[in-house]
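J.: One structure is given below, represented as structure tokens, and several questions about it will come after.
Each value in this text was obtained by applying a stated rule to the coordinates, not by laboratory testing. This one's a predicted model, so the numbers in the text were calculated from it and none came from an experiment. Cβ atoms come from the backbone with ideal geometry, glycine included; neighbour counts cover every protein chain shown.
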Amino acid sequence: MAIGPEVLKIKDLKKSFGETAVLKGLTLTVRQGEVLVIIGPSGCGKSTLLRCLNGLEKVNGGEIVFGGQFLTDPQTNWSRTRQRIGMVFQNYELFPHLTALENILLGPLRVQNRKKEEALAVAEGWLTRVGLWDRRDAYPRELSGGQKQRVAIVRALAMDPEIMLFDEVTASLDPEMVREVLDVILTLAKEGLTMLIVTHEMAFAKAVADRIIFLDEGVIVEDASPTVFFENPATERAKKFLNIFQYDDYHKNEGAKGDSGDSPLTPPVIF
Amino acid sequence: MDLTYILDKSPVFVAAAKLTLVLAFWGVILSAALGLMCAVTRFYRWPLVSQLAGAYIELARNTPLMVQLFFLYFGLPRVGLVLSGQTCAIVGLTFLGGAYMAEAFRGGLAAVGKDQVEAGLSIGLGRFQLLRYVVAPQALAVSLPAISATVIFLMKETSVFSIVAIPDLMYVAKDLLKEGRGAETNFLLCAAYLTIILPVSLIFARLEKRLRFAGFGS
């Protein structure tokens, strides 16, 4: 998909919780249709960044401009802004007292005051696409983790957002359900939806990203194409981080030493 | 035990039970309304009103209903405010019940996670919509056992109304005791209270079961 004009500009964004600075002056520009995958060690501020973008966290400094509007302005109408920014959470957070369809229709009907038939048609379209239209009357507790997360994605999409934020959306899923959720996001990427994705799925990141944003200790350490980032990371910090995912090398290196010393995988000798 | 005596006196108890039920009904409804208001002010942490609600709750929960009724019935006339016995009964029961209801609702509201609130906010729900469509329905399900306990408690608390000269069940029972009919009176009292309270208890038990299966606790 063609990359369009700038939709989101973040300038020198700062956020701290008490004494702890989590984002230490972060600058980033996102263009329409771009898919950014944000990776980095836990506690690096990935989730906080997403949460600042839709006002779930108050920022301490810097600027966020979304569609020409300053979100760092205290007068921001968040109800209106959040309709344009879809967010999907790690633990789905479907409303347990509502069916899948009711979860999806709540925003369009109550927030956007859309006509019932229109909202229903949109919901049917999306639910059919993620393969869950026949599960529309199920309550969240009757759905699998993967199904819940697909419904949660549709709930955000049904608002017709201009940008989607995914906050570790597969981190709570069993491995066999990860794929069905990632496939949905891959399709959305192909269709040109602007997305910011926080994930630990490196293969997925490689496949879906236009740009990889590597965050560490509250700053952007690398901003590169996936090919460059994964095959030729510029910084030591990125190399070290990527190493975490290299089990094969680790094992080989241990073996190559050829000594009979303690491998971490050997059970400890108690006596 | 004298069955004819019991049959003979039962119309008196039916009338007293009706009165007790009417007073309890209004007390419970108004308590729920007052309690909900208090719980909501505390949920939104509205300054001042939420502290006021907190102070009221402590005052109402930590003084006996009989003392509250004394104040309304015998205390207020001294400052020129004379309320009828029935008004005192309903106001007193509401004053007591509002605090218990507030605590029942608060427990439910507190049980709805911060993540649910954030999910609601993220689809653009406003503060009131969030409460109405996301938080309140879930809170109600959690609160229901506490609400049910409060309703039953309030219905039983009506038994002190006789001190403000209301011809409720205890009042007519005291009259009968003067005739030296302890066993019959006791039987009639038990039967009357059971008749009005047990159905309420059963309805709530049913409701709790229904809500438990309605898709909560996913």
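J.: Among B:PHE105, B:PHE43, A:PHE70, rank each residue by its count of other Cβ atoms within 10 Å, from fewest to most, as a rough exposure measure.
T.: A:PHE70, B:PHE43, B:PHE105
J.: May I ask you to derive the FRET efficiency for B:ALA205 and B:ILE29 from their Cβ-Cβ distance with R0 = 25 Å, giving the value to the nearest 0.05?
T.: 0.80
J.: Would you mind computing Rg(Cα) / (2.2 N^0.38 Å) for the range A:1-114, counting N as its residues?
T.: In units of the globular-protein estimate, the range A:1-114 measures up at 1.18.
J.: Expected output is a single nm value to one decimal: the length gained when fully extending between B:ARG127 and B:LYS178, i.e. 0.36 nm times separation in residues minus the C-alpha distance. What is it?
T.: That works out to 12.5 nm of additional length.
J.: Relative to the longest principal Cα axis of chain A, at what angle does helix A:175-190 sit, 0 to 90 degrees, rounded to 10?
T.: Taking Cα atoms only, the helix is inclined about 60 degrees.
J.: With label points built 7 Å along Cα→Cβ from the Cα atoms of A:ASP137 and B:ARG45, find their separation and express it in nm.
T.: Each label point lies 7 Å from its Cα, and together they span 4.3 nm.
J.: In debye, nearest 20: dipole of the range A:9-147 around its Cα centre with unit charges on the Cβ of K, R (+) and D, E (-)?
T.: 320
J.: Also: Restricting attention to the range A:201-252, which chymotrypsin sites (Phe, Trp or Tyr not before Pro) occupy a DSSP loop and are surrounded by at most 15 other Cβ atoms within 10 Å?
T.: A:PHE245
J.: What number do you get for chain B when its Cα radius of gyration is normalised by 2.2 N^0.38 Å, N = residues?
T.: For chain B, the normalised Cα radius of gyration is 1.21.
J.: Round to the nearest 0.05 the FRET efficiency obtained for B:PHE74 and B:MET1 when R0 = 30 Å and r is the Cβ-Cβ distance.
T.: Details: r = 38 Å, r/R0 = 1.25.
Result of the calculation: an efficiency of 0.20.
J.: Say R0 is 51 Å: what FRET efficiency, to the nearest 0.05, do A:PHE70 and B:ARG212 get from their beta-carbon distance?
T.: About 0.65, to the nearest 0.05.
J.: Neighbour counts of other C-beta atoms within 10 Å: give me B:TYR100, B:TYR44, B:TYR171, A:TYR92 arranged from fewest to most. Mind showing how you got there, number by number?
T.: Values: B:TYR100 22, B:TYR44 13, B:TYR171 18, A:TYR92 25.
In order of increasing Cβ crowding within 10 Å: B:TYR44, B:TYR171, B:TYR100, A:TYR92.
J.: In percent, how large is the relative contact order of chain A, given Cα pairs closer than 8 Å and 6 or more residues apart?
T.: Details: 445 pairs, mean separation 65.4, N = 271.
Relative contact order for chain A comes out at 24 percent.
J.: Residue by residue through the range A:224-233, what is 3J(HN,Hα) from phi via Karplus (6.51 cos²θ - 1.76 cosθ + 1.60, θ = phi - 60°)? Round to whole Hz and write x for glycine and proline.
T.: 8, 5, x, 4, 5, 5, 7, 9, 8, x
J.: Given the pairs A:LYS148/B:LYS114; A:LYS116/A:LYS206; A:LYS58/A:LYS116; A:LYS9/B:LYS114, which are separated by over 30 angstrom at their Cα positions?
T.: Beyond 30 Å between Cα atoms: A:LYS116/A:LYS206; A:LYS58/A:LYS116.
J.: Could you please state, rounded to a whole Å, how far the C-alpha centre of the range A:140-157 is from the C-alpha centre of the range B:43-78?
T.: Between the Cα centre of the range A:140-157 and that of the range B:43-78, the gap is 46 Å.
J.: Also: Can you give me the long-range amide H partners of A:ASP216? Hydrogens built in the peptide plane at 1.01 Å from N, cutoff under 5 Å, separation of 5 or more residues or another chain.
T.: Residues meeting the criterion, in which the H sits 1.01 Å from N, are A:VAL221.
J.: Still on this structure: Take the Cα pairs of the protein assembly as shown, get the Kirkwood Rh, then feed it into Stokes-Einstein at 10 °C and 1.306 mPa s and tell me D in µm²/s.
T.: 58
J.: Taking A:LYS190 as the anchor, which aspartates and glutamates have their alpha carbon closer than 19 Å to its alpha carbon, excluding any fewer than eight residues away along the same chain?
T.: Within reach: A:GLU6, A:GLU34, A:ASP160, A:GLU162, A:GLU180, A:GLU201, A:ASP210.
J.: Tell me, what is the percent relative contact order of the range B:18-167, built from C-alpha pairs under 8 Å that lie six or more residues apart? Mind showing how you got there, number by number?
T.: On the way: 164 pairs, mean separation 53.0, N = 150.
Across the range B:18-167, relative contact order equals 35 percent.
J.: At a Cα cut-off below 21 Å, give the lysines reachable from B:LYS156, other chains included and same-chain residues fewer than 8 away excluded.
T.: Hits, sequence-local ones excluded: B:LYS18, B:LYS174.
J.: Using the basic label-point model (7 angstrom from Cα toward the beta carbon), what is the A:VAL219 to A:HIS200 distance in nanometres?
T.: Distance between label points: 2.6 nm.
J.: State, to one decimal in nm, how far the label point of B:CYS190 lies from the label point of B:TYR56, with both points 7 Å from Cα in the Cβ direction.
T.: 4.0
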